[in-house]
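One structure is given below, encoded as structure tokens.
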Amino acid sequence: MRPPVIAVTDLVKKYREVTALAGISLAVAPGTVLAVLGHNGAGKTTLIDILSTRIRPSSGTARVCGHDVVRRGRAIRRRIGVTGQFTAVDDALSGRGNLLLIARLLGAKPAQARARAAELIASFGLEDAADRPAGTYSGGMRRRLDLAAGLVGAPEVLFLDEPTTGLDPVSRAALWNVVEELAARGTTIVLTTQYLEEADRLADHVVVLGLGRITVSGTPAQLKARLGSRTATLTLGSELTVRRAVDAVSRLGLSAGRAGLTLTVPLRGPGDITMLVRALDAAEAPLRDLTVTEPTLDDVYLSLHTAAANS
């Protein structure tokens, strides 16, 4: 079994009276995508800053690519890429110029730098704007250029701190495609986000931070399973059939929420939907429509928030 690319044990970061991280422990396997969720101030960016060696922890340990973040920062920085919440490109330089500059700073020879810049420009769909000043780019184009800049050194680990914040849906979807392609090639990615749909689509594993601690972790499927199984939404044709359906649902030991001619029925297991359809047929309550939905990470997040508020 391969060792984790990122290993964190009891990580603490304090700023005077404020504790940003209060004992984080986690491990990230090679070639996986870890999504870190949490509200503003939960500690997401602080965690990224420590793992990318921007700041030092107050206590605890963290290793990236086998190197300690405090003692071997330079070795780590040679192996990682970082994209923050705000783009860090030089507006006066062209898109190509930004990538050439970074490649040369990383030690590439001129021909190597030109080849790498051309490869990334093509990968991120920036060919038409490659020689324009970056200051003329749209928000989505700047994000793509910033992400390309983080990949100039072909990093083993890529840290993305809320990379799609403020982007329109089209630009966000384009960046998601890029992240999926990188993950498919074996890049380990740590992604902080406040978009639950983003984590659900991209992540192999999710951790949720609250007050500097991990409140819950697991695969998206595991987290959604914490809320129970699926929900059936039944649409009926009349007041009479609604009453018959409510009685049929009750006899099965299920509950139903009602809105007009629509019933919402939480299901306990995969067999419930079959029993439900048979019971409605026997009760002469024909359906106009039936949909079954899975819990979402939004549901998980809201349930955690509600539990925290009530504790």
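Any read-out appearing in this document is the output of simple, stated calculations on the displayed coordinates, not a laboratory observation. Nothing here was measured: the structure is a model prediction, and the numbers come from that model. In this analysis, Cβ positions are derived from the backbone assuming ideal geometry, glycine residues included, and neighbour counts consider all displayed protein chains.
Points worth noting:
- In the chain, taking the dipole from charged Cβ atoms about the Cα centre, the farthest positive-side position among PHE159, ALA283, PRO110 is held by PRO110.
- Mean ellipticity per residue at 222 nm, deg cm²/dmol - from DSSP H runs of n ≥ 4 across the chain, formula -39500 (n - 2.57): -11500 deg cm²/dmol
- Solvent-free Debye calculation, one equal scatterer per alpha-carbon of the chain: log10 I(q)/I(0) at 0.11, 0.12 Å⁻¹ equals -0.78, -0.86.
- For the chain, the longest principal axis of the Cα atoms and the long axis of helix 169-184 meet at an angle of about 70 degrees.
- Sequence-separation-based contact order of the stretch 95-254, relative, with Cα cut under 8 Å and 6+ spacing, percent: 15 percent
- Stretch in the chain that is longest and holds no GluC sites (Glu not before Pro) that DSSP places in a loop and that have at most 15 other beta carbons within 10 Å: 18-283
- By the beta-carbon count within 10 Å of each Cβ, the least crowded to most crowded order of VAL206, VAL157, VAL292, fewest first, is VAL292, VAL157, VAL206.
- Among ARG114, ARG143, ARG96, the ranking by other beta carbons within 10 Å of each residue's beta carbon, starting with the fewest, stands as ARG114, ARG96, ARG143.
- Whole-angstrom gap from the stretch 262-285 to the stretch 172-190, using each part's C-alpha centre: 40 Å
- DSSP beta bridges in the chain [antiparallel fraction, %, rounded to 5]: 65 percent
- Among VAL70, VAL190, VAL82: highest mean-square fluctuation, GNM of the chain, C-alpha pairs under 10 Å: VAL70
- Student exercise, the chain dipole from Lys, Arg, Asp, Glu Cβ charges, in Debye to nearest 20: 1240 debye
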